[in-house]
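Note sheet for the following structure.
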Amino acid sequence: MSNGKEPDYEVIVIGAGVAGIYQIKRLVDLGIEATVLEAGSDLGGTWYWNRYPGCRFDSESYTYGYSFSKELLEQWHWKERYSSQPENLRYLNFVTDLFDLRRHMQFDCKVEAAHFDESRDIWRLRASDGRVMTCRFLVGALGLLSAATLPRYEGMGRFRGRSFHTYHWPQEGIDLKGKKVAIIGTGATAIQIIPEIAPEAAELTIFQRRPNWAAPLNNRTISEEEMGEIRARYDEIFATCARTPGGFEHEPDRRGFWEVSREERLALWDRLYAEPGFGIWLANFREIFTDEDANAELSEYIAERIRQRVKDPAVAEKLIPKDHGFGVQRVPLETHYYEAYNRDNVHLVDIGETPIERVTETGLRTSERDHEFDVIIYATGFDALSGAFDRIDIRGVGGEALREKWRDSVSTYLGMMVHGFPNFFMPSGPQSGSASTNYPRGIEIGVNWCTALLEYLWEHGYPRAEPTREAEERWTAHVKKMYSTMLMRKAKSWFTGYNSNVEGHEQGKIRYLVYNGGTPKFVKTITAVAENGYEGLQLGLPPTEPDEALPEAGAA
Ligand code: NAP
């Protein structure tokens, strides 16, 4: 709402999730007039929306929390090694209240449009309730996985039972006891839900298009005493996260895959499979990400584990991915997922073989038969990374729409800024360091960099900052090049921008959404950019377009 002067705010942050909360903290500490606009009725982002049973971290809780405040680290007790959604939401509320940030947040404020006014170097935002606000600098803290996507089945509106996407799990909860439940999808979300609801539902039918590789989470509680030890170790923990490619405590095994014996490889895998967390993915040999044969050997090891855990060999085979190897898509971690299929009330339908043809009034029709349900759960994922930006009408210089610019593939500078969209920051944007790492570790890095740049602009009196076209092209080419050695470039996964439910994001063309260089390299690069006076950015004035430059003397 306009307060009579323009801009209304020096900075507007869109999104009160993990990134938005930290961003507003930094701005408030600097005494900047800033606000957070949040579509939800409260803060928390991903941990506000995803309320499905089983929803939890698969980052170690104490590496997921913010690192910026000793006071916070001293006060908070993580109760589980991989904390659950209700606790995570409590944590984000605790942080917000500890630093009195809630008064800088506006809820139920869904930003529909953000247009850059070139004549004044300000952003003009419109919310869905008609409110208009202006700011000098705009921060899109929109989340990586916040644009939920549904299948495009015929008849979806006709189902007489309840149906919803997992991201929009009913806030009041839903009693599945005695119900016939369908779940569509077998990604990380479904893999968390299925073992939780299998004992409750009368019948649970899982519609799987492609299986995912999953490995045990091995969660456990954290006692007071252990939490004391973790607190004493926080400096060391965060130093390790800063040093590892994924921003975790898990460090890759730097021995050569083929230089150790098969027995040694098996010993490592036996150990990692029994250990908590992402070790089996991230503390493994580095070749599993780049060498087909190394990856195949590990994949066969995991397949054998699945066969040992699922009683019906035919079901086990259906749960073993055949189209991609272990770890080339984001690995879901599970708790008794495979054992859920040993229950009599759990059924697996392979919709690769018998596709869903339509939703009926009473359930789902596959090419084989009709299935009746009381509840249909769509665990069908997200238009990752760029989707949340595409859903806002963001227009930069000359009225260019960001969603048009990114139609075929994303292009950014450092994953945090975009040519043609001045004064617009994405602390955890596509192609930034946070997308492929332990998210909050990447977020703190991104927010700190964006905030330091803002401080630089304020100190120097620059009203405007924008990356040059050339700098953006260089970064995007760099991100793209890093895919070339990775097996994941072939995967149908959000890492490659695949989403069968979004036009143009189907399989066939890779969208280079993820920076694969790891945390240390990312930090080194963005630090050097800052130290060199923000090279690649045009500060103060619009960038000179190369095609507008005068030809060199003597050129034809
Ligand atoms: P996802 O991994 O993209 O999985 C979506 C599932 O739905 C896939 O099995 C997909 O099959 C299926 N699907 C999509 N559209 C379909 C259609 N039209 N018909 C039939 N099946 C369809 O999504 P997600 O499980 O929500 O996970 C997304 C990401 O969120 C994860 O990769 C992870 O990064 C994050 N996440 C994290 C946690 C955690 O921290 N523990 C938990 C949950 C999610 P195809 O594979 O054939 O496309």
Is there any pair with a first residue in the stretch 130-153 that is at positive phi and a second that is away from the ligand (no atom under 16 Å from the Cβ) whose Cβ atoms are under 7 Å apart and which are 6 or more apart or on different chains, and what are they? Gly143/Gly15
Could you tell me how many of the residues in the stretch 367-397 are in contact with a Ser or Thr (Cβ under 7 Å, 6 or more places away or on another chain) and without any contact (Cβ under 8 Å) to a residue 60 or more places away in the chain? 3
Checking Ser299 against (1) in contact (Cβ under 8 Å) with a residue 60 or more places away in the chain; (2) closer than 18 Å to Pro216 by Cβ; (3) outside any helix (DSSP H, G or I), which test does it fail? (3)
What are the residues in the stretch 93-110 that are in contact with an Asp or Glu (Cβ under 9 Å, 6 or more places away or on another chain) and either within 16 Å of the ligand (Cβ to nearest atom) or of a type in the set (A, V, I, L, M) (or both), if any? Leu98, Met105
Can you confirm whether the stretch 447-462 contains a residue that is in contact with a strand residue (DSSP E or B) (Cβ under 8 Å, 6 or more places away or on another chain) and surrounded by fewer than 16 Cβ atoms within 10 Å (Cβ to Cβ)? yes
Close pairs from the stretch 495-510: first over 18 Å from Ser484 (Cβ atoms), partner among the acidic types (Asp, Glu) and more than 12 Å from the ligand (Cβ to nearest atom), Cβ under 8 Å, at least 6 apart: Gly504/Asp408
Arg358 passes all but one of (1) in contact (Cβ under 8 Å) with a residue 60 or more places away in the chain; (2) closer than 30 Å to Asp293 by Cα; which number fails? (2)
Could we say that Glu172 is surrounded by fewer than 19 Cβ atoms within 10 Å (Cβ to Cβ) and in contact with a strand residue (DSSP E or B) (Cβ under 6 Å, 6 or more places away or on another chain) here? no
Can you say whether Arg220 is within 12 Å of the ligand (Cβ to nearest atom), farther than 16 Å from Tyr338 by Cβ and surrounded by fewer than 18 Cβ atoms within 10 Å (Cβ to Cβ), as far as the supplied structure shows? no
Does Arg262 fit the bill of being free of Cβ contacts under 8 Å to residues at least 40 places away in the same chain and in contact with a Pro (Cβ under 6 Å, 6 or more places away or on another chain)? no
Within the stretch 144-154, restricting attention to residues that are in contact with a helix residue (DSSP H, G or I) (Cβ under 6 Å, 6 or more places away or on another chain) and either outside any strand (DSSP E or B) or away from the ligand (no atom under 16 Å from the Cβ) (or both), which residue is farthest from Gly15 (Cα to Cα)? Ala147
Those residues of the stretch 248-267 which are outside any loop (DSSP other than H, G, I, E, B) and surrounded by fewer than 18 Cβ atoms within 10 Å (Cβ to Cβ), in sequence order: Trp258, Glu259, Arg262, Glu263, Glu264, Leu266, Ala267
Could you grab me the full set of residues in the stretch 155-197 that are near the ligand (Cβ under 10 Å from one of its atoms) and either more than 30 Å from Leu37 (Cβ to Cβ) or without any contact (Cβ under 8 Å) to a residue 24 or more places away in the chain (or both)? Ile183, Ile184, Gly185, Thr186, Ala190, Ile191, Ile193
Would you check if there is a residue in the stretch 229-247 being over 28 Å from Asp350 (Cα atoms), touching a Gly at 6+ places or on another chain (Cβ under 6 Å), touching a residue at least 60 places away in the same chain (Cβ under 8 Å) and in a helix (DSSP H, G or I)? yes
Identify, please: which residue in the stretch 352-365 is assigned to a strand (DSSP E or B) and touching a helix residue (DSSP H, G or I) at 6+ places or on another chain (Cβ under 9 Å) and is, among those, farthest from Ala201 (Cα to Cα)? Arg358
Only one residue in Glu372, Glu368, Glu361, Glu357 is of a type in the set (D, E, K, R), at pLDDT 95 or above and within 14 Å of the ligand (Cβ to nearest atom). Which one? Glu357
Is it true that some residue in the stretch 117-139 is of a type in the set (Gly, Ala, Ser), at pLDDT 95 or above and within 16 Å of the ligand (Cβ to nearest atom)? no
Do we find a residue being in contact with a Gly (Cβ under 7 Å, 6 or more places away or on another chain) and more than 30 Å from Ala283 (Cα to Cα) anywhere in the stretch 26-39? yes
Can you name the residue in the stretch 295-353 that is of a type in the set (Lys, Arg) and away from the ligand (no atom under 15 Å from the Cβ) and, of all such residues, is surrounded by the most Cβ atoms within 10 Å (Cβ to Cβ)? Arg305
Residue check, Gly54 against (1) within 14 Å of the ligand (Cβ to nearest atom); (2) in contact with a Phe, Trp or Tyr (Cβ under 8 Å, 6 or more places away or on another chain), all met but one. Which one? (2)
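The values are calculated or read from the model by the stated rules, or taken from the named source; none is laboratory data. Just so it is clear, the structure is predicted and the values come from calculations on it, not from any experiment. Counting neighbours? That spans all protein chains shown, and the Cβs are built from the backbone with ideal geometry, glycine included.
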